[in-house]
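Report on the following structure.
Nothing in this text is a laboratory measurement; each read-out follows from the coordinates by a stated rule. Note that this is a predicted model, so its numbers are computed, not measured. No Cβ is skipped: glycine too gets one built from the backbone with ideal geometry, and neighbour counts run over all protein chains shown.
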Amino acid sequence: MIIIGLTGGIGSGKTTVGKMFQELGVPVYNSDIRAKKLMNSSKKIRKELIELFGEKAYIEKELNRTFIAEKVFKDKLLLEKLNAIVHPKVRKDFLKWSKKQSFGYVIQETALLFENNAQDLYHAVILVTAPTELRIERILKRDESSRQQVLSRINNQLDDKEKIKLADYIIENIDLDQTAQKVLDLHERILANYY
């Protein structure tokens with residue numbers, strides 16, 4: 001099974017690009033969505049998160065995402081500990097999921113691929129980029145965040161200049177029609193390269 005990583009900074013549009021690949025029939029595993037499900041359903045993760053953050057980590061058996069986000073965005077060590085709990089379980093879940101797929105390749109969409117030095121786990125990595133101001137605009141439209149909070153989240157991630165050096169393919173996501181064409185071209189290229 002050919003495994004492609006899909007990543008990009010917050011607000012770059014990696015989920016939009018992932019959906020475009022899905023429309024072409026490519027199975028796409030969204031790590032953020034699965035991580036949230038696992039943090040709510042896995043007793044082991046729940047126990048470890050309560051040990052790390054205290055009882056406020058969950059409200060009525062649901063992950064208290066706002067509380068945890070506030071904690072980790074102020075404390076990089078705490079964020080690393082959170083990632084050390086969640087990421088290995090997401091990876092295991094992804095590998096189990098990928099074995100059930102029958103398409104020529106699968107995509108794992110994951111925000112912190114390069115930050116976690118995980119690029120060697122993939123046959124190739126697609127990086128989605130967009131200008132910073134456009135990213136900020138997109139995040140402000142979808143989240144109830146301040147500009148400062150958005151900038152803080154962007155600054156917590158590796159700079160695109162560094163990611164570009166590590167990526168195999170780059171999709172600049174500004175205009176959706178152009179992005180869809182780039183996705184189609186890349187899809188055909190991946191199929192040609194591996195099959």
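The table below lists the values:
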{"read-out": "Spatial separation of Cα centroids for region 120-164 and region 58-110, in angstrom", "value": "17"}
{"read-out": "Cβ-based net charge around residue 17, under 10 Å, with every Lys or Arg adding one and every Asp or Glu removing one", "value": "+2"}
{"read-out": "D (Stokes-Einstein, µm²/s), Kirkwood Cα radius, region 33-100, 0.692 mPa s at 37 °C", "value": "265"}
{"read-out": "Cα-centred dipole magnitude for the chain, charges only on beta-carbon of K, R (+1) and D, E (-1), debye, nearest 20", "value": "880"}
{"read-out": "Normalised alpha carbon radius of gyration of region 89-186 [divisor 2.2 N^0.38 Å]", "value": "1.22"}
{"read-out": "Ordering of 123-133, 82-92 by packing [mean C-beta count within 10 Å, highest first]", "value": "123-133, 82-92"}
{"read-out": "Paramagnetic reach from residue 195 in region 90-110 [backbone N under 20 Å; point 7 Å along Cα→Cβ]", "value": "97-109"}
{"read-out": "Kirkwood Rh in Å, taken over the chain so that all alpha-carbon pairs contribute", "value": "17.7"}
{"read-out": "For the chain, calculated [θ]222 nm from helices alone, where every DSSP H run of n ≥ 4 adds -39500 (n - 2.57)", "value": "-18000 deg cm²/dmol"}
{"read-out": "Assigned charges on the beta-carbon of Lys, Arg, Asp, Glu; region 33-100 dipole about Cα centre (debye)", "value": "520"}
